Amino acid sequence: MKAFSVARVLGVAAIALAAAPVFAADDRVPATRGFHGNLLLGAGYFDLESNLVAGNDLIDASTRTITSVTQAPPSNDTTYGIVSGELAYVFGDRWEAFFGVSIEDYVTLDFSTRLGVRKQWDGVGVLGASFVTTAALPTEVWADPYLVGTPRLATERDSNGVRLDWWRIFGTEFFAQLQSREIELDTEASGTDPVLGLSADEILLLRRDGTDSRATLGYRWENGRHTWQPEFTFTTADRDGDAIAAEATALQLSYGYRGDTWTLAAAASVFQREHDEANPVYGLKTDADGYAISLSAFRKLDLGSGDWRAFANVIHAENDSDIDFHDASAFAASIGLAYFFGR
């Protein structure tokens, strides 16, 4: 789903993971010129456990000082209001411009703003291209996450890149996505604490700048009121530090039911990540696996004119690393009202 606000993105993003196949706008372009989208109003709760992420405009990590590089991640939570929405404009001849938000990773607070265009060709499908950036809601990480006994300093982690989408490939229900993003930290100081005793070469293994690339292949099957969407994703993190560089695979299955009154959606994903080299702080690779699950419900409301719906959503994500310090989890829940227009 697409959003306008930097500090309110999470409420929309929490809904998007499960509800995307149900309220899909990416796999077709309306024939009628004009605007379409939605407006969301509500409230949410978010809890993050991480030793690596310092927060963003929405949530700040309170644990600046750690006592050990083996400690479990602390929990930080917040409540927030949701005033957000999505917007697209159809120019005619099945061309559309859109502005929105994509979810990269809940446990790293990685939410990217997308600005792009898409075009629908009969017999070919819907092709889209967009600019992807975290400039609207940059994530903050610890400049040196392994600094013990001294307050750690937060630094912004920015990413910019491009994304290509191809929906309804040659008239089928298959879709593909390609994305490449440049990752850059304002300040990189991982492993520089003298207490760790790392050499200059070992410190270089922990550099987090680099390029992340992702390829997804999926299938969206619509059967009456039901929608099923399995997808497979392969990701490479080509980072300057070989201990941070990694490859990951993920499988996701989404389901949606769209009734006259109720719309229900669910999604579940699993992933596995393998790093190129051992982390010199531990002498082991920080390989990980994890999962994310999401449930959403929308109920149509009779509020006069317009398509108004009440919604509730919950999502939980886990990152289980071979090194406990690198474990992470996220939980989000939201409720509110959604107004859809121009559909």
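The values are calculated or read from the model by the stated rules, or taken from the named source; none is laboratory data. Bear in mind that the values here come from a model prediction, so they are computed numbers and not experimental data. Cβ atoms come from the backbone with ideal geometry, glycine included; neighbour counts cover every protein chain shown. Only protein heavy atoms, including side chains, enter the accessible area calculation; ligands, DNA and RNA are left aside. Shrake-Rupley method; radii C 1.70, N 1.55, O 1.52, S 1.80 Å.
The residues of the range 27-52 that are open to solvent by 10 Å² or more (accessible area, probe 1.4 Å) and assigned to a loop (DSSP other than H, G, I, E, B), listed by number, are ARG28, PRO30, ALA31, THR32, ARG33, LEU52. Candidates VAL141, VAL162: the one that is aliphatic (A, V, I, L, M) and at pLDDT below 95 is VAL141.
The single residue among ALA176, ALA129 that is without any contact (Cβ under 8 Å) to a residue 40 or more places away in the chain, part of a strand (DSSP E or B) and open to solvent by less than 60 Å² (accessible area, probe 1.4 Å) turns out to be ALA129.
Reported count of residues in the range 53-95, each being surrounded by fewer than 18 Cβ atoms within 10 Å (Cβ to Cβ), at pLDDT 85 or above and of a type in the set (A, V, I, L, M, F, W, C), is 3. When TYR291 is tested against (1) open to solvent by 40 Å² or more (accessible area, probe 1.4 Å); (2) in contact with a Phe, Trp or Tyr (Cβ under 7 Å, 6 or more places away or on another chain), exactly one condition is not met: (2).
Inside the range 198-231, residues that are charged (D, E, K, R), open to solvent by less than 70 Å² (accessible area, probe 1.4 Å), over 17 Å from ALA143 (Cβ atoms) and not in a strand (DSSP E or B) make up a count of 2.
Scan the range 149-160 and tell me whether some residue there is of a type in the set (A, V, I, L, M), surrounded by fewer than 17 Cβ atoms within 10 Å (Cβ to Cβ), in a loop (DSSP other than H, G, I, E, B) and on the phi < 0 side of the Ramachandran plot. Within the range 149-160, one or more residues are of a type in the set (A, V, I, L, M), surrounded by fewer than 17 Cβ atoms within 10 Å (Cβ to Cβ), in a loop (DSSP other than H, G, I, E, B) and on the phi < 0 side of the Ramachandran plot. A search for C-beta distances below 6 Å between a residue of the range 144-171 that is over 20 Å from ILE183 (Cα atoms) and any residue that is hydroxyl-bearing (Ser, Thr, Tyr) and open to solvent by 50 Å² or more (accessible area, probe 1.4 Å), counting only pairs 6+ apart in sequence or on different chains, returns PRO151/THR65.
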